[in-house]
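See structure below.
No lab work stands behind these numbers, since they all come straight from the coordinates. No experiment lies behind these values; they were computed from the predicted model shown. Because the Cβ atoms are built from the backbone with ideal geometry, glycine has one as well, and the counts that use them run over all protein chains shown.
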Amino acid sequence: MSTTTTNADGSAYGRPKGQTNKLLTETGPGTPCGEMLRRYWHPIAISAELTSERPQEVRIMSEDLVLFRDKTGKAGLLHSRCNHRGTSLYFGRVEDRGLRCCYHGWLFDTQGNCLDQPCEVEGGKNRQNYRQPWYPVQERYGLIFAYMGPSAKKPILPRYDILEGADEYEVHIGGWGSANDHSIKCVPHNFFNMMDNMMDPFHVFILHSTMTGIQFAPEFAKMPKIAFSATDTGLAHTSSRRLDDGRIYERIVTVPFPNALSVPPITLNAGPSTSLTWVVPIDDTHYIHVLCAKKQDKPEYPNVIDRNINKSWGQMTPQERRDYPRDYEALAGQGLFSLHSEEHLAGSDQGVVMQRRLFQRQIEIVQKGGDPINLIFDPKDELVKVGAFNYYPNAEAAE
């Protein structure tokens, strides 16, 4: 229930402080949503950018980690604080067998085993007792994925039908803008602002099409009929528009649980989605977008914010961003956290409600010791059908 005002005349005086739903927005270790999210694999880095020259700092779901590739090519993900005296392993040296701490030289392999303690007798007689906390990683589609949950519950890293069979992949990790605009390294608000946005297709008609000008295909300025649905892997929504030539244009966007999104091309071209994007929390007030597509199927993104101005997001002035808002402005405008207690949800918010309820159900399942949806434990189920595409159900009739 909303608590936006307590006065009969609607005055803002005395309004209670707005509250966020912490069950959905907190993702750190031990939080309900954080524990549920840790049951899945998450992309954390680009494979080609991780060399054996130096490690990378990684912060995911409020955990500070160090990612490195040893001289044999194996990737490892360790807790950042060396378990000897607590300095950051980010300053360590990459060697053939692992990562050596800069302070006293303790050497850890990709699974946290302590291999050498050079300041101790015989290189550390009990070094096997000093294991550095670590997480398993796998490389696929040009990305490095991490599993940060309980070992006994580790699922299979999925394969996705639209990403299979390529020699090279177009990958991007960052904050906002198109794949050609790396203006922001991360997004400075809670990840669930974006999760709500995924299941809000009506905003395409307003924000991207009729508010300031055409940002996508001009036909998106037609009010669509929207249908929301549950799928085997999560949720989906279908937007249906009748075009001027009589054809029905249907656009299906899928949201594989818990934090992936597949959007078909933002043109009128029929065909499947060519990309998958993950929304990965860095902490409770920042997240990253991780985009992946086959190299030959690089997704079509407009490199300009609006056809009225020939600029990318990163080239725009603050005044232009105010005058030509896009997703970043709309979501950042909600604050670091959406204040759920102040919302007035309406009929067009059906998808938002479905998404929040789905998260809450899966959180409860994990709290009771069960497995949430869309986890894969049997290799025969490893390939996931994404199911996002554009199509024309009445194209033949129109011809």
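Looking at the chain alone, DSSP beta bridges between its own residues are antiparallel in about 95 percent of cases.
For the set 22/225; 71/294; 154/385; 22/368; 222/311, the pairs lying more than 30 angstrom apart at their alpha carbons are 22/225. Taking the C-alpha atoms only, the angle from helix 350-367 to the longest principal axis of the chain is near 30 degrees. Using only side-chain charges placed at the Cβ, +1 for Lys and Arg and -1 for Asp and Glu, the dipole size of segment 155-398 relative to its Cα centre rounds to 300 debye.
Once you treat every alpha carbon in segment 41-140 as an equal point and sum by Debye, what is log10 I(q)/I(0) at q = 0.21, 0.22 Å⁻¹? Scattering profile of segment 41-140, log10 relative to I(0): -1.01, -1.11. Sorted into 10 angstrom bins from 0, the C-alpha pair distances of segment 185-274 split as 16, 45, 33, 6, 0 percent.
In plain terms, the residue of 67, 157 with the fewest other Cβ atoms within 10 Å comes first and the most crowded comes last, giving 157, 67.
Just the Kirkwood number for the chain, please: inverse of mean 1/r across all distinct Cα pairs, in Å, one decimal. For the chain, inverting the mean 1/r across all distinct Cα pairs yields 23.1 Å.
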